[in-house]
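The values are calculated or read from the model by the stated rules, or taken from the named source; none is laboratory data. Predicted, not measured: the structure shown is a model, and the values here were computed from it. Cβ placement follows ideal geometry from the backbone for every residue including glycine, while neighbour counts extend to all protein chains displayed.
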Amino acid sequence: MSFSVQGKTAIVTGAAHGIGLAIARHLADKGANIMAADVDEKKLIEEFGDAPEDGSIRTFSGDLRQRLSIANLISATIDAFDQVDILVNASRQVLPTDALDVEDTSVATLLDQNFMTALQLTQYAAKRMIKQAEDQPEGQVGSIINLSSIAAIQTQPELMGYSISAAAVQQMTRSMALVLAPHRIRVNAISFGSVMSGSLRAAVAENREWRDDIRDHTPLGRIAAPNELCDTVQYLAAESSGFMTGEVLVVDGGRSLLGAVRAPAH
């Protein structure tokens, strides 16, 4: 059983910050070719440099809510590395929701950013993987990994938009797993609890009680570091999980075993 991603090509979205950045660096360290994608071009250059043409890490900046940007991302990856083997949909946004405010646009915004972007990227990447399969008569053709959240199964009205988008990502994962299984493409998701991303770090810096509340509601007693999701991503990307598809792996320090917390960010 191999956990290797050596020589594979992975697209990682949200790669300029936090969890996505940690995943991109981890897979690169394990020998994968990386197309690091994010809307924040300045931060991409800051983290990865100018992405030399002969390097194993390239960068792509664009608004992936737009189909043209997604098509350009796939084309840029093919131009750089000739194939797409792994897609990690790590880009996500967290916004509070006022459930009684008819002017609140957070639900639509988060469905567009967190769900529709992941769905459309999955569709475009899968089409490329299917084409590649014509020259690959057996074995895994591709692995698609979606990042979700335990908010999908917890009821927190102030995070309603985020919760709905996370639940949508999980259902999309299961549906696309069935659609793509005949093509030897696996689709799985990771549902995580509190990870010390930039947004959460800023939130708990303003309110120490939120940090303490998260820790108190996490049986392992702490907030995860972004790199703690990386090994799970690698497992799902590699042949070691070759008979797994449509699964949602929970990585939350036991938090989903308990009730919701007050902190308005995950």
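Which residue out of Thr155, Thr109 is assigned to a helix (DSSP H, G or I), surrounded by fewer than 19 Cβ atoms within 10 Å (Cβ to Cβ) and either touching an Asp or Glu at 6+ places or on another chain (Cβ under 8 Å) or at negative phi (or both)? Write out each step before concluding.
Working: Thr155 fails: assigned to a helix (DSSP H, G or I).
After ruling out the rest, the residue left standing is Thr109.
With the checklist (1) free of Cβ contacts under 8 Å to residues at least 40 places away in the same chain; (2) more than 20 Å from Leu178 (Cα to Cα) in hand, flag the one item Lys131 doesn't pass.
(2)
Can you pull out every residue in segment 1-43 that is surrounded by fewer than 24 Cβ atoms within 10 Å (Cβ to Cβ), part of a helix (DSSP H, G or I), in contact with a Ser or Thr (Cβ under 9 Å, 6 or more places away or on another chain) and not small (Gly, Ala, Ser)?
Listed by number, the residues that qualify are Glu41, Lys42.
Among the residues that make up segment 160-176, is at least one of them basic (Lys, Arg) and more than 25 Å from Leu27 (Cα to Cα)? Reasoning before the result, please.
Keep residues of segment 160-176 that are basic (Lys, Arg), which gives 174.
Right, trim to more than 25 Å from Leu27 (Cα to Cα) and you get none.
Looking through segment 160-176, none of the residues is basic (Lys, Arg) and more than 25 Å from Leu27 (Cα to Cα).
Give segment 211-263 a look and list any residue that's surrounded by 15 or more Cβ atoms within 10 Å (Cβ to Cβ) and touching a His at 6+ places or on another chain (Cβ under 8 Å), or say none.
Cys230, Val233, Gln234, Arg255, Ala260, Val261
Go through (1) closer than 25 Å to Ala36 by Cα; (2) at pLDDT below 95; (3) not aliphatic (A, V, I, L, M) for Glu103 and report which single condition fails.
(1)
Cβ contacts < 9 Å: first residue at positive phi and part of a loop (DSSP other than H, G, I, E, B), restricted to segment 235-246; second residue surrounded by 15 or more Cβ atoms within 10 Å (Cβ to Cβ) and not hydrophobic (A, V, I, L, M, F, W, C), any location; separation 6+ or different chain. Result?
Once the first residue is at positive phi and part of a loop (DSSP other than H, G, I, E, B) and sits in segment 235-246, its partners that are surrounded by 15 or more Cβ atoms within 10 Å (Cβ to Cβ) and not hydrophobic (A, V, I, L, M, F, W, C) give Gly246/Thr173; Gly246/Arg174; Gly246/Arg186; Gly246/Asn188.
Table: residues versus (1) surrounded by fewer than 24 Cβ atoms within 10 Å (Cβ to Cβ); (2) modelled with pLDDT under 90; (3) of a type in the set (Phe, Trp, Tyr).
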residue	(1), (2), (3)
Ser148	no, no, no
Thr173	no, no, no
His183	yes, no, no
Ser197	no, yes, no
